[in-house]
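First the structure, in the form of structure tokens, and then the observations on it.
The numbers here are math on the coordinates, done by the rules we state, and not lab data. Being a predicted model, the structure only gives us computed values, none of them experimental. Note that we place each Cβ from the backbone using ideal geometry, even for glycine, and neighbour counts take in every protein chain shown.
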Amino acid sequence: MKNLILTLLLASSLPIGTAAQVRYEDIVKGPGADWLTYAGNYEGWRYSPLKQITPQNAGSMTAQWTYHVPDSGGLRTNPIVYKGVMYVTNSNSMHAIDARTGRLIWRYDDPQATKKGVNRGSAISGDSVYFTTTDNYLVALDRQTGALLFHKKFGDVDKGTTSTSAPLVVKDKVLVGSAGGDSGMRGFIVALSAKTGEELWRTWTVPAKGEKGSETWSDLHEWGGAGTWLSGTFDPETNTLFWTTGNPWPDFAGGPRMGDNLYTSSVLALDLETGKLKWYFQFTPHDVHDWDAQSWPVLLEIQWNGKPRKVVVHANRNGFFYILDRQTGEYLKATPLTDNITWAKGIDDKGRPVLVPGKDPTPEGNWVCPSIKGATNWMGQSFNPGTGLLYVLTLEECGMFTLSTQKPVPMKNFAGGAATEPGGQVYLRAIDPKDGKRVWEYPVGNTSRTWSGTVSTATGVLFSGDDDGHLIALDAKTGRHLWHFNVGDSLTASPITYEVDGKQYVAVAAGTNVFAFGLFEPVPSMALPKMTTTK
Amino acid sequence: MRRFIRNPVRAPLALFFLPCLALAQHGQVDLKAPDSLKNPESVAAGAKLYATSCGGCHGPEGIGGRGPNLIKRLARNIPDGELFATLRNGLPGTDMPPTSLSDDDTWKLAGYLRSISGPANQAVVPGDPANGEAVFNKAGCAGCHAILGKGSRMGPDLSNIGANKPLAAIRDALVPSKTDPSKNYQLQGAEGVKVTMKDGSTLQGIARNRSNYSLQIVDQKGDLHLVSMDKVRELQVKEGSPMPADYGQRLSATDMRDLLAYLARQSVRSAK
């Protein structure tokens, strides 16, 4: 084997060759064998056409492999899968795993990162995979080897900004959000070149002084929050991004920031090429309960007054489920997502909440439903075109909201008060997106620890997690239990499904590990190959 | 808060040092490092102390000899106070003696050890990085390694090598100071392999990982192949590192200096 490395000969193709490129069209097409973007497709459906696992055979699923992510805890990562390779992230690191076996292929770490925090995943395009460091660098890596392609700063930790979300790649752009809104920062969405990492545009989610919308702040808008810490969705037909924003700061103290506080707790429709705001809709004006709006907007076409209509649907932490016109942002309808909503009597015909007086945080404490955790959260929603249903993990929980009278100081972990999370009943609910009506619900625990979202398939199998650390499979039509598996830790991320070599897998990150499941198949005995060592 | 300890023999360092310092016994030790620890003059003075007191056992550049490789051991983030205490007290039961150096000189010695074991991009590395880049391409480095996407992706990526490795470790990779048999057992993720499939086809490259049941291999083009071992007839594994060991002979002293200067500056968080 002399001159082994310099005289490589590739004499045959192997069972899995990975030479190919991820194109924009591949992501537009949505999941098949691969899972190419955070929510599966640009419309945010978390839906897979795979058919191997069915309601009839899901009960025979078994664990296929486990990958331990070193130095991790409470993993939030949403795996990306392409050509048999799975990409998972941890704080300031990415791991490429053989998606058939769970064996590590390469790992990239950024030990010089100055901050450490949660990370929700990666994005893929061409031959590159992307993720962000907690201290706001976009990292591009060769998807096959993990070799660094570029490393570009896009935000400033000294101004309160960190990064936790998975990037979203659309065409030649990598869209990245911002986090840190609970201790003062100014949120933004930034588009960076997928080739070089250069900034192409930046849209601030809190207007600068004098700009339209700044009149909705009495003060503090330069530290007003509106983080964008969850990946958005995208409409290829209109070249429009849909991105939700976080709470205003200080979270619980509305006094220093009187007004609606645009564009916090909102959904923004942005032009992909320029970042220009096409329209916005604010779910919770002047939010004082830290509900924000972090649950990605799902893009659907529904029957509305007997005609098809393109809409954005959104299950919001404030307790309501919304239907908006996708082109204009016009408010169409809102219905209660949870049974316990005490801060608003409902939503008026303009989409504005009809407030119940006296529900703001007080120095003594004010008991309000939903709790700070919200009626749902960043685990998001999924939509199955076969059943026509939207699946949302919801929490029936109330909490005590207290107000601090201290003067707000940015970047000092000052939230303007505090809130309790005493525990509540979690339900996985199926909702008809045409009218918001609840079709079925499945209780998934009462400790409200689960942060697992959902994924569903063409055969009508719905996967999610419960409060007790089980990955579960339900019949997507009825909510009937099909299967469960105890992963031994809290589920803090959403499952995905993919296929390699004709086998369908369901994968989820939980605690410090990534697990993959599939239908049981006996493992045939194999003869180990002859192994030799050469000079 | 300052802490005082007496004779702190710590297991992690117990096998690191060999006798290079004169015997002496000192009393309590203030373990807070002085502000001058990274001062260039202090480090230079520490270098002289190292040459006369330590280099005989641990090698002139700290990469080992009769005594262990200090560059690798000190990369384990040993606290300053623990390093000082080990220099001061030696390691009973080993050939590493206590020192009679003053506290000030012992800290200078610790500062020098820190400087040679820290990231290369924080060290003063003489040479012409521009010529080093040319050498990187001319000498064949880019045939296996890449820096920010330029070069082959088959071997370890060097985009951040200056921030991740001490200068001595980079030099040791280019000019191995000695044949260390243990290097052959530390190649996980970098083994040269040739695979013969049951259908007779072959594949060669670097095994990023392998087990009895699956193999993940990158070929010279940088393409990844996922192999099921039940389809493999024979697996040949190259003994030792695929990294050529003769750069010390192939490159002139100037080119080697400039290549080191170039590699030492590879840090993705530094301005380019």
Query - Most positive-pole-ward Cα, A:TYR391, A:PRO361, A:GLY180, against dipole of chain A from beta carbon charges - result: A:TYR391
Report summary line: Measuring from its Cα centre, the range A:180-247 shows a charge dipole (+1 at each Lys and Arg Cβ, -1 at each Asp and Glu Cβ) which, in debye to the nearest 20, is 100 debye
Query raised in the report: Under a plain spin-label model, where a point goes 7 Å from the Cα along Cα-to-Cβ, how far apart in nm are A:ASP432 and A:GLN52?
Result: 3.6 nm
Query - Computed over the range A:380-460: relative contact order in percent, which uses C-alpha pairs under 8 Å that are six or more apart - result: 36 percent
Requested in this report: Go through the range B:213-219 residue by residue and turn each phi into a ³J(HN,Hα) via Karplus (6.51, -1.76, 1.60, θ = phi - 60°); whole Hz please, and just put x for glycine and proline.
Outcome: 10, 8, 9, 10, 10, 10, 8
Report summary line: Row for the range A:191-295, column shape: gyration tensor on C-alpha, a ≥ b ≥ c, rounded if a/c < 1.5 i.e. under 1.5, prolate if a/b over b/c, else oblate; value prolate
Query raised in the report: So for A:LEU482, A:LEU268, fewest C-beta neighbours within 10 Å to most, what's the order?
Result: A:LEU482, A:LEU268
Report summary line: Interchain or sequence-distant (5+) residues whose placed amide H lies within less than 5 Å of the amide H of A:TRP440 are A:ALA430
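For the range B:77-197, what does the equivalent ellipsoid look like in terms of its semi-axes, each the square root of 5 times an eigenvalue of the Cα gyration tensor, given largest first in whole Å?
The equivalent ellipsoid of the range B:77-197 has semi-axes of 36, 21, 12 Å.
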Query raised in the report: So what J values fall out for the range A:377-392 if you push phi through Karplus, 6.51 cos²θ - 1.76 cosθ + 1.60 with θ = phi - 60°, rounded to Hz, Gly and Pro as x?
Result: 7, 5, 5, x, 10, 9, 10, 10, x, x, 8, x, 10, 9, 10, 9
Report task. Could you work out how far apart the two model spin labels at A:LYS116 and A:THR534 are, taking each label as a point 7 Å from the Cα in the direction of the beta carbon, and quote it in nm? Result -> 4.4 nm
Query raised in the report: So what is Rg over Rh here for the range A:124-269, counting just Cα atoms and using Kirkwood for Rh?
Result: 1.01
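Provide the FRET efficiency to the nearest 0.05 for the A:ALA20-A:THR402 pair, computing r from the beta carbons and using R0 = 60 Å. Intermediate results must be reported in sequence, preceding the final value.
Numbers: r = 55 Å, r/R0 = 0.92.
In this case the efficiency is close to 0.65.
Based on the alpha-carbon gyration tensor of the range A:133-203 and its eigenvalue square roots a ≥ b ≥ c, which shape applies: rounded if a/c is under 1.5, prolate if not and a/b is larger than b/c, or oblate? Show your work: numbers first, answer last.
On the way: a/c = 2.28, a/b = 1.65, b/c = 1.38.
Taking the square roots of the gyration eigenvalues as a ≥ b ≥ c, the range A:133-203 is prolate.
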Query - Distance from the range B:203-217 to the range A:118-197 (C-alpha centre basis), Å - result: 31 Å
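Give the order of A:PHE463, A:PHE281 when sorted by the count of other beta carbons within 10 angstrom, beginning with the fewest.
A:PHE281, A:PHE463
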Query raised in the report: What's the Cα-based Rg to Rh of the range A:265-316, Rh via Kirkwood?
Result: 1.04
Report task. Please give the calculated 222 nm ellipticity per residue for the protein assembly as shown, where each DSSP H segment of at least 4 residues contributes -39500 (n - 2.57) and the sum is spread over every residue; nearest 500 deg cm²/dmol? Result -> -3000 deg cm²/dmol
Report summary line: Once both label points are put 7 Å beyond Cα along the C-beta direction, the A:LYS350-B:SER100 separation in nm becomes 8.9 nm
Report task. Would you be so kind as to identify which of A:THR145, A:GLY117, A:TYR130 lies farthest towards the positive end of the dipole of the range A:85-152, taking Lys and Arg as +1 and Asp and Glu as -1 on Cβ and the Cα centre as origin? Result -> A:GLY117
Report task. Name the long-range amide H neighbours of A:VAL500: under 5 Å, sequence gap of 5 or more, or other chain; modelled H, no Pro or chain starts. Result -> A:TYR505
Query raised in the report: Can you run phi through the Karplus equation (6.51, -1.76, 1.60; θ = phi - 60°) for the range B:84-101 and list ³J(HN,Hα) in whole Hz, with x for Gly and Pro?
Result: 4, 5, 5, 5, 5, 9, x, 10, x, x, 10, 7, 7, x, x, 10, 9, 4
Requested in this report: State the Cα centre-to-centre distance between the range A:228-299 and the range A:320-337 in whole Å.
Outcome: 14 Å
Report summary line: For A:LEU355, the residues 5 or more places away or on another chain with a placed amide H closer than 5 Å to its own amide H are A:LYS345
Query - Per-selection Rg to Rh, the protein assembly as shown - Cα, Kirkwood hydrodynamic radius - result: 1.01
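Suppose a student asked you for the relative contact order of chain A, using Cα pairs under 8 Å spaced at least 6 residues apart; what percent would you report?
Details: 1564 pairs, mean separation 77.1, N = 535.
Once normalised by length, the contact order is 14 percent.
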Query - Debye log10 I(q)/I(0) at q = 0.18, 0.26, 0.27 Å⁻¹ for the range B:188-237, Cα point scatterers - result: -0.45, -0.97, -1.05
Query - Ranking of A:PHE414, A:PHE283, B:PHE136 by count of other Cβ atoms within 10 Å, fewest first - result: A:PHE414, B:PHE136, A:PHE283
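With contacts defined as alpha carbon pairs under 8 Å and 6 or more residues apart, what's the relative contact order of the range A:479-535 in percent? Mind dumping the intermediate values first?
On the way: 49 pairs, mean separation 13.1, N = 57.
Normalised by residue count, the contact order of the range A:479-535 is 23 percent.
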Query raised in the report: Charges only on Cβ, +1 for Lys and Arg, -1 for Asp and Glu: so what's the dipole of the protein assembly as shown about the Cα centre, in debye to the nearest 20?
Result: 1580 debye
